[in-house]
Amino acid sequence: MWKEGGDPGSPFPSHPFFMEVIPAIDLRNGKCVRLTQGRPDQETRFSDDPPAMAKHWESQGARLLHVVDLDGAFTGEPKHLEVIREITRSISIPIQLGGGLRTLKTIEQALTVGAQRVILGTIAFQEPEFVKEACEAFPGSILVGIDAREGRVSIKGWRETTELKAVDLARQLEDTAISAIIYTDTKRDGMLKGPNLEGIREMAMSTHKPVIASGGISTLEDLRRLLPLQDLGVTGAIIGKALYTQDLRLAEAIQIAT
């Protein structure tokens, strides 16, 4: 089942016959880092030059980048807009940006500095009606990130886990015009132990929106196991730490997914 979503005229890659492999760049204090399970005290720094890292992934075949402003996620407002501007000026491929985007003003700022799509997380849980408002104000530019711990929605940079089931939040968003849902299992993120395939499957089956999987994808075999979920509408896979540690090579992952 191929799910509809997004704008046919958008610069974002979209094709029913392969899964998009999307490198992640997480920003903290102006650097490219990875956090284990989103914990600020479990940080590994991989680069002091985010634009150079973006160019590297583009050179390896990436057609889309997933960028997260970790400081924004923790504080509730974006902190790396100028870095995002530098990144988007350095590459020709689009980026999707998340982290602290909780008002129409900050969404507009993110798009102004060059992000093509933005990811709403905490605000989608706190104010579902805001998602509709954002989709109307910025058509084709809105994604929702649903982060889950043991099946329940995590918010505020994963520091709080709510009682709401992730699949129930997805169902609440069915009548919005979001382009896709990014589903992350926070317990798998940065652990290099494989994705939560059952959680991804359950999410895909709970919504008609395209689903982008995130968290734990660390080997080519992980990616192979994810590919059959394309039939349920899983259209992309975000990969972070495994690319930086070279447990997984981007070019090889893209080859398998296509």
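The values are calculated or read from the model by the stated rules, or taken from the named source; none is laboratory data. Since we're looking at a predicted model, the values are computed, not measured. No Cβ is skipped: glycine too gets one built from the backbone with ideal geometry, and neighbour counts run over all protein chains shown.
Summary of computed values
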item: Candidates G100, G72 - the one that is in a helix (DSSP H, G or I) and crowded, with 17+ Cβ neighbours inside 10 Å; result: G72
item: Residue ID - farthest from T207 (Cα to Cα), chosen from residues in the range 142-157 that are of a type in the set (A, V, I, L, M, F, W, C) and touching a Ser or Thr at 6+ places or on another chain (Cβ under 7 Å); result: I155
item: Selection within the range 192-216 - within 13 Å of V167 (Cβ to Cβ) and hydrophobic (A, V, I, L, M, F, W, C); result: I200, M203, A204, M205, V211
item: Residue ID - surrounded by the most Cβ atoms within 10 Å (Cβ to Cβ), chosen from residues in the range 163-196 that are among the hydroxyl-bearing types (S, T, Y) and within 15 Å of the chain's Cα centre (by Cα); result: Y183
item: Members of the range 131-151 that are modelled with pLDDT of 95 or more and buried (at least 16 other Cβ atoms within 10 Å of the Cβ); result: V131, K132, A134, C135, F138, G140, S141, I142, L143, V144, G145, I146
item: First in the range 37-63 and of a type in the set (V, I, T), second anywhere and surrounded by 15 or more Cβ atoms within 10 Å (Cβ to Cβ), Cβ under 7 Å, 6 or more apart; result: T44/V33; T44/R34
item: Per-region count, the range 237-258, residues without any contact (Cβ under 8 Å) to a residue 60 or more places away in the chain, part of a helix (DSSP H, G or I) and among the hydrophobic types (A, V, I, L, M, F, W, C); result: 2
item: Number of positions in the range 220-253 that are surrounded by fewer than 20 Cβ atoms within 10 Å (Cβ to Cβ), modelled with pLDDT of 95 or more and among the β-branched types (V, I, T); result: 0
item: Helices (runs of 4 or more DSSP H) completely within the range 105-222 that count 2 or more residues being without any contact (Cβ under 8 Å) to a residue 40 or more places away in the chain and not hydrophobic (A, V, I, L, M, F, W, C); result: 128-137, 166-172, 197-206
item: Single unsatisfied condition, E160 versus (1) under 15 Å from the mean Cα position of the chain (by Cα); (2) within 23 Å of T75 (Cα to Cα); (3) not basic (K, R); result: (1)
item: Matching residues in the range 32-62 - criterion: being in a loop (DSSP other than H, G, I, E, B) and either surrounded by 17 or more Cβ atoms within 10 Å (Cβ to Cβ) or modelled with pLDDT under 95 (or both); result: R39, P40, D41, Q42, A62
